[in-house]
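One structure below.
The values are calculated or read from the model by the stated rules, or taken from the named source; none is laboratory data. Here the structure is a predicted model, which means the values were calculated and not measured. Backbone-built Cβ (ideal geometry, glycine too); neighbour counts: all protein chains shown. These area figures cover heavy atoms from the full protein model, side chains too; ligands, DNA and RNA do not enter into them. Shrake-Rupley method; radii C 1.70, N 1.55, O 1.52, S 1.80 Å.
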Protein chains: 2
Amino acid sequence: MQLSWTSFLLCAALAAAPADLIVSAGKVVTMDAQRRVITDGAVAIAAGRILAVGPRAEIDRDYQAKRRIDRPDAILTPGLINTHTHAPMSLLRGIADDLDLQDWLTKFIFPAEGKNVNEEFVRAGTRLAVLEMMLGGTTTYTDMYYFEGAIADETKKAGMRGVLGQTIIGFPVSDYKTPQAALAGAELFIQKYKNDALITPAVAPHAIYTNSPETLKAARVLADKYGVPYIIHVSETQKENDDCAKDHAGATPTAYLQSLGVLNTGRTLFAHSVWSSPADIAILKAHHVGVAHCPSSNMKLGSGTAPIAAMLDAGVNVGLGPDGPAGSNNDFDMFEEMDLAAKLAKVTSRDPKVLPATKVFEMATLGGARALGMEKEIGSLEPGKRADLITVSQSAPNAWPAHDVYSMLVFALNASDVQDVIIEGRPTVENKRPLTLNPIEVRRQATAIRAKVDASLK
Amino acid sequence: MQLSWTSFLLCAALAAAPADLIVSAGKVVTMDAQRRVITDGAVAIAAGRILAVGPRAEIDRDYQAKRRIDRPDAILTPGLINTHTHAPMSLLRGIADDLDLQDWLTKFIFPAEGKNVNEEFVRAGTRLAVLEMMLGGTTTYTDMYYFEGAIADETKKAGMRGVLGQTIIGFPVSDYKTPQAALAGAELFIQKYKNDALITPAVAPHAIYTNSPETLKAARVLADKYGVPYIIHVSETQKENDDCAKDHAGATPTAYLQSLGVLNTGRTLFAHSVWSSPADIAILKAHHVGVAHCPSSNMKLGSGTAPIAAMLDAGVNVGLGPDGPAGSNNDFDMFEEMDLAAKLAKVTSRDPKVLPATKVFEMATLGGARALGMEKEIGSLEPGKRADLITVSQSAPNAWPAHDVYSMLVFALNASDVQDVIIEGRPTVENKRPLTLNPIEVRRQATAIRAKVDASLK
């Protein structure tokens, strides 16, 4: 008996497969097809991928890990996916709040960017943005800015996942003086990162009102040549729709893009889509266009309320984004975007049942992955997917008493409750401490550059 | 020369007045009449009151303190004033989200309260609520619930300031079976606390649709007998307005209360006032009625958007409140209410200039004090006022780079950034640690009671 018991244990130990890391938590929100929420669960990780997800006892029986992170008082979830931002604008945070969009752009943002944006600015701004995003539970972010190659370099160094869109715009900007030059630069950028584990390069024509139809089409050709996402601001303001109708025989921006043929092929992500008509929503669905909903930005700039519930009902893939922090928001807080998305939809529809917590948490995870065309890689905790996951501590009073996990995640917990962040199997935040960026250095550089920016506006 | 220099120092030391506490910070936001923001400033405190506010060098020259709290990397502001909540509902947090108001009330809240609310419940719920509120920078909160005497006892023990309204309602509830009994109980409660430094007792007839006109008037008489606030939910939903119009010859709830004469005298605070007409706003102004704006609650329940900008333009005193955390919100986060108040007003009006950060921060401090009729005691950092103040750390990346303090406080900083809380001159939170409540015990009790509540609903 003694012998056979020992043999059993030996066999079990021998049978346990190796893992790089096991993360366990009081609750595991998988976002898998069955939407399993596992009490006392764990995730085994190897080579940057998820090996298994299940009850902790099973994972411990089946896997032997070099390293463990145990959080009995936390909720383990897929990492949050930010589908729209402009990371380096972190350095312009709060530079001009409470202003008309036109004043904000022409008196502050364009002058500040024109005088200050260069590769050094973009690198320092990316480090600050990525530090804040990671600490708040974001594991993938989607960007559109200048010098996107430098942004990719900093993002990769910090161990963050990024879908990074090189801006293409019809007038001279900091990195390229013509859209042709930007398209050529974008191609080199795509070639450099197209097989990267963390960086998904993308082409980002800014908007229909800042690009010619030829440029919009050329950007599509480039995106399709490499199978990368095509990211564009669409129908952010009523003015954009009104101007489009005037210039293009009554068409909405979405219908105009469809008429150019740029929605026919490949992956497309629209940012905002505030002023989407029912016909627009049908176009989004028909062409598998993803939408990045930015409630903070749309509220703060007074842009309007995107018809998100109608989009979800139609089967459109919708993710969430904080947009840039220089006026349209002041932070990169995905927990705030979740809370706002739910509340904005409810008050606008005057229906508290609209956008329940389950749907909102899906937008912040799997929905965002789908909007980016990356649902086979990220967005849920399932074997084979990339190991992007976070733990959210329940140790603060706003988490007590414990109740429905989705309700807690969307309405009660905050970015500050995020305890650990694992991206591509690598812990980048552990027990609220960042492991891949030096906060003192990030702050010092941000402060120094901002002083120059403020001086440049005087 | 040597001698006279020593004499000078000696005289200076002798001249320094004693203080109990000096709190200094990188920036001091005073909310005084000049709206001074003092760089490297300090506040001297004695006997629960503010002695002086000024540059740190001056305060250090003029006062000698027994104790110091120095926060060069924080912003020091008046404590935040919550003008509407139901503290013990912390125990029902998230019990039923994303539901119609009627389902929420009749299937969850009323049964849960009917079966579970007693003095023990109220005490445990108050401790949890006060712990969360304090950690998030609230120094005064306004309550409406049952067993308000027990709430006052717990609030005072925790060192929190409260404006605590005993509910008067026209049907049997947990503490009193008739409004007459509730009024009699309220009088005893008021007598006990009327001269308390921390507790301001109040009379809180629940709403016009749950009380007879006789009760509404009797509550006014009681409030005026002791000069305490009269707190009532008004025009929270369109249905309330529609029903009132049917029952009272087309009158709005505000006009109906005016017609009863209950607005003619004393201090009055309306919670919500979502469906206020321009005529209602004129009544609020004429009778000095304060309004507790609850953006989270109004959004989450789909109630509508209160015309806050119009109220402020008309000179109505408006404060902010998170309402209860059992469905209308899920937390007591005044930073979230500030952010939401600004963004909701901007998106509703489609004007980003509406409710700028300066006005919103005023609502959370001095505006709330005015709405409560307490602006001579709290709401700003001025000599003679009660020493209610907080420090908000800038050590997290969401605070970088530093910019306009009001914009930071409203749009970028969070409850989790609150570092110290001083109420009536007493530190109740120091460096994010609560000093007057035991979190482990608070959590244990909340968890145990919630388990009973959940079982009672099965």
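Of all positions in the range A:94-102, at least one carries a residue that is within 20 Å of A:Thr447 (Cα to Cα), in contact with a His (Cβ under 8 Å, 6 or more places away or on another chain) and not acidic (Asp, Glu). Scanning the range A:80-104 for residues that are assigned to a helix (DSSP H, G or I) and either farther than 22 Å from B:Arg350 by Cβ or of a type in the set (D, E, K, R) (or both) yields A:Ala87, A:Pro88, A:Met89, A:Ser90, A:Leu91, A:Leu92, A:Asp103. Out of B:Met311, B:Met363, B:Met374, one residue alone is more than 12 Å from chain A (Cβ to nearest Cβ), in contact with a strand residue (DSSP E or B) (Cβ under 8 Å, 6 or more places away or on another chain), in contact (Cβ under 8 Å) with a residue 24 or more places away in the chain and within 22 Å of A:Asp339 (Cα to Cα). It is B:Met363.
Look at the range A:1-28: where a residue is in a helix (DSSP H, G or I) and a partner is open to solvent by less than 80 Å² (accessible area, probe 1.4 Å) and modelled with pLDDT of 50 or more, sitting 6+ places away or on another chain with Cβ atoms under 9 Å, you get A:Ala15/A:Asp62.
With within 24 Å of B:Ser349 (Cβ to Cβ) and either open to solvent by 10 Å² or more (accessible area, probe 1.4 Å) or of a type in the set (Asp, Glu) (or both) as the only criterion, which of A:Ser297, A:Ser349 stands out? Going through A:Ser297, A:Ser349 in turn, the sole match is A:Ser349. Checking A:Glu382, A:Glu430, A:Glu424 one by one, the residue that is farther than 17 Å from A:Met134 by Cα, more than 9 Å from chain B (Cβ to nearest Cβ), out of contact with any helix residue (DSSP H, G or I) (no Cβ under 9 Å at 6 or more places or on another chain) and surrounded by fewer than 24 Cβ atoms within 10 Å (Cβ to Cβ) is A:Glu382 and no other.
Within the range B:292-302, the presence of at least one residue that is more than 14 Å from chain A (Cβ to nearest Cβ) and under 21 Å from B:Ala202 (Cβ atoms) is confirmed. Please specify each residue of the range A:397-421 satisfying the condition of being more than 7 Å from every other protein chain (Cβ to nearest Cβ) and either of a type in the set (D, E, K, R) or within 16 Å of A:Met363 (Cα to Cα) (or both). Selection gives A:Val405, A:Tyr406, A:Leu409, A:Val410, A:Asp417, A:Asp420.
The condition of being closer than 28 Å to A:Val228 by Cβ and open to solvent by 10 Å² or more (accessible area, probe 1.4 Å) holds for only one of A:Ala314, A:Ala326, that being A:Ala314. I want to confirm something. Restricting to the range A:39-60 and keeping residues that are part of a strand (DSSP E or B) and touching a residue at least 60 places away in the same chain (Cβ under 8 Å), which single residue is farthest from A:Leu409 (Cα to Cα)? For the range A:39-60, the residue satisfying everything is A:Ala46.
Within the range B:329-340, identify whether any single residue is without any contact (Cβ under 8 Å) to a residue 60 or more places away in the chain, at the interface with chain A (Cβ under 9 Å from one of its Cβ atoms), closer than 23 Å to B:Val163 by Cα and more than 12 Å from the chain's Cα centre (by Cα), and answer yes or no. Taking every residue of the range B:329-340 in turn, at least one turns out to be without any contact (Cβ under 8 Å) to a residue 60 or more places away in the chain, at the interface with chain A (Cβ under 9 Å from one of its Cβ atoms), closer than 23 Å to B:Val163 by Cα and more than 12 Å from the chain's Cα centre (by Cα). Could you say which residue among A:Thr391, A:Thr447, A:Thr358 is β-branched (Val, Ile, Thr) and more than 9 Å from chain B (Cβ to nearest Cβ)? A:Thr391 is the lone residue from the list that is β-branched (Val, Ile, Thr) and more than 9 Å from chain B (Cβ to nearest Cβ).
So B:Val274 ticks every box in (1) at pLDDT 95 or above; (2) in contact with a Leu (Cβ under 6 Å, 6 or more places away or on another chain); (3) within 12 Å of chain A (Cβ to nearest Cβ) but one. Which box is left unticked? In the conditions (1) at pLDDT 95 or above; (2) in contact with a Leu (Cβ under 6 Å, 6 or more places away or on another chain); (3) within 12 Å of chain A (Cβ to nearest Cβ), B:Val274 misses (2) alone. Of all residues in the range B:391-404, those being touching a strand residue (DSSP E or B) at 6+ places or on another chain (Cβ under 8 Å) and either surrounded by fewer than 23 Cβ atoms within 10 Å (Cβ to Cβ) or within 12 Å of B:Gly79 (Cβ to Cβ) (or both) number 4. Just to be sure, is A:Thr210 touching a strand residue (DSSP E or B) at 6+ places or on another chain (Cβ under 8 Å) and more than 14 Å from chain B (Cβ to nearest Cβ)? Answer is no for this residue.
Determine whether B:Thr142 is under 16 Å from the mean Cα position of the chain (by Cα), open to solvent by less than 10 Å² (accessible area, probe 1.4 Å), of a type outside the set (A, V, I, L, M) and more than 15 Å from B:Tyr230 (Cα to Cα). Taking the combined requirement at face value, the residue does not satisfy it.
If you go through the range B:46-100 and pick out every residue that is basic (Lys, Arg) and not assigned by TED's automatic domain parsing to the domain that holds B:Asp404, you end up with 1. Within the range A:89-121, the only residue that satisfies the criterion of being among the hydroxyl-bearing types (Ser, Thr, Tyr) and surrounded by 18 or more Cβ atoms within 10 Å (Cβ to Cβ) is A:Ser90. Taking the criterion of being at pLDDT below 95 and not in a strand (DSSP E or B), would at least one residue in the range B:29-38 satisfy it? Checked the range B:29-38: no residue is at pLDDT below 95 and not in a strand (DSSP E or B). Meeting the requirement of 2 or more residues that are at negative phi and surrounded by 24 or more Cβ atoms within 10 Å (Cβ to Cβ), the helices (runs of 4 or more DSSP H) wholly within the range A:145-248 are A:148-157, A:179-193, A:213-226.
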